[in-house]
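Visitor: So that we are looking at the same thing, I have put the structure below in structure tokens.
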Amino acid sequence: MPGQKVAPVVDMTLDQALPDVRNLAGRKANAFVRRCQLATHEREDVESQLVLTFIARWPKFDRERASVRTFASRLMDRELTSILRYRLAQGRQPCELPVPDAGPTPASVHQFRVDVERALASLPEVVRETASALSWFSAIEAAVAVGCSRQMISRRKRQIRDALIAAGITGNYFLRRGAWS
């Protein structure tokens with residue numbers, strides 16, 4: 001309007017802009033974490049990243065082109081897009097599948113059989129027959145094959161287990177001998 005004085009645009013310093021920028025970053029981080037279903041503890045990290053992005057780009061701010069709030073909002077939106085792209089790209093990265101162990105060597109399997117035969121040699125014949133039946137059948141089927149009750153199979157299994165443990169044959173038999181490496 002003619003004759004009316006226009007107030008000069010005051011240059012804003014970074015320190016003056018930061019309170020509003022932090023507020024904006026907090027609101028954008030909250031919305032981003034909720035929308036992307038991230039853990040709530042990640043909100044502070046996202047907010048900090050947004051503020052740091054603003055601070056790093058502050059020298060590029062041109063008050064003739066946009067307000068501080070618009071400048072900050074656009075920067076933060078781009079940064080949130082970058083964060084989201086990075087997270088999605090991480091999910092698409094090929095991950096290394098675990099390499100299965102080669103298993104025991106034929107020599108260690110042979111040694112295992114020898115050790116089992118030695119451990120069971122001191123047991124009564126009927127218990128050795130039960131052990132053989134249990135290597136092929138379930139406990140119920142072994143009871144039928146050997147001709148005894150399931151309770152008797154349970155007692156014999158305890159005898160077999162005790163004999164194997166006494167001979168050093170446990171669940172980590174092959175690991176102790178290093179055959180899995």
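Visitor: Using a probe radius of 1.4 Å on heavy atoms only, what accessible surface per residue do you get for the chain? Whole Å² is fine. Spell out each step's value before the answer.
Guide: Values: 13390 Å² over 181 residues.
Spelled out: the 1.4 Å probe surface of the chain, per residue, equals 74 Å².
Visitor: OK, next. Could you compute the net charge surrounding Leu84? Neighbours are other residues with a C-beta less than 14 Å from the C-beta of Leu84; K and R count +1, D and E count -1. All intermediate terms of the calculation are to be shown ahead of the outcome.
Guide: On the way: positive: Lys28, Arg34, Arg35, Arg78, Arg85, Arg87, Arg92; negative: Glu42, Asp45, Asp77, Glu79.
Neighbour charge sum, excluding Leu84 itself: +3.
Visitor: Exposed loop chymotrypsin sites (Phe, Trp or Tyr not before Pro) only (DSSP loop, at most 15 other Cβ atoms within 10 Å): please give the longest stretch of the chain free of them, not including the sites. Before the final figure, lay out each step's value.
Guide: Numbers: sites that count: Phe137, Trp180.
That would be 1-136.
Visitor: Follow-up question, since we're still on this one. What is the Cα coordinate range of the range 79-124 on the first, second and third principal axes, sorted by size from largest, in whole angstrom?
Guide: Projected onto the principal axes, the Cα atoms of the range 79-124 cover 75, 22, 9 Å.
Visitor: From zero up to wherever the largest Cα-Cα distance of the range 53-104 sits, split into 10 Å bins and tell me the percent of pairs in each.
Guide: 20, 29, 18, 14, 9, 7, 3, 1
Visitor: Could you rank the peptides 34-43, 116-125 by their average count of other C-beta atoms within 10 Å per residue, with the highest value first?
Guide: Details: 34-43: 11.4, 116-125: 13.3.
Result, highest mean first: 116-125, 34-43.
Visitor: I need the helices of the chain that pass two filters: whole DSSP H segments spanning 15 Å or more by Cα along the axis, and mean Kyte-Doolittle score no lower than -1.0.
Guide: Values: long enough: 14-35 (30 Å, -0.53); 42-57 (23 Å, -0.18); 68-92 (36 Å, -0.40); 106-121 (22 Å, -0.03); 125-136 (17 Å, 0.09); 150-166 (24 Å, -0.88).
Result, helices passing both filters: 14-35, 42-57, 68-92, 106-121, 125-136, 150-166.
Visitor: Summarise the accessible area of the chain (1.4 Å probe, protein heavy atoms) by the percent that is carbon and sulfur.
Guide: On the way: 7250 of 13390 Å².
For the chain, the apolar C and S fraction of the accessible surface comes to 54 percent.
Visitor: Which value in Å is the Kirkwood Rh of the chain over different Cα pairs? Before the final figure, lay out each step's value.
Guide: Working: mean 1/r = 0.0420 Å⁻¹.
About 23.8 Å, per the Kirkwood formula over Cα pairs.
The values are calculated or read from the model by the stated rules, or taken from the named source; none is laboratory data. The structure presented is a predicted model; accordingly, all values stated were derived computationally and were not measured. Cβ atoms come from the backbone with ideal geometry, glycine included; neighbour counts cover every protein chain shown. Accessible surface areas use protein heavy atoms only, side chains included; no ligands, DNA or RNA. Shrake-Rupley method; radii C 1.70, N 1.55, O 1.52, S 1.80 Å.
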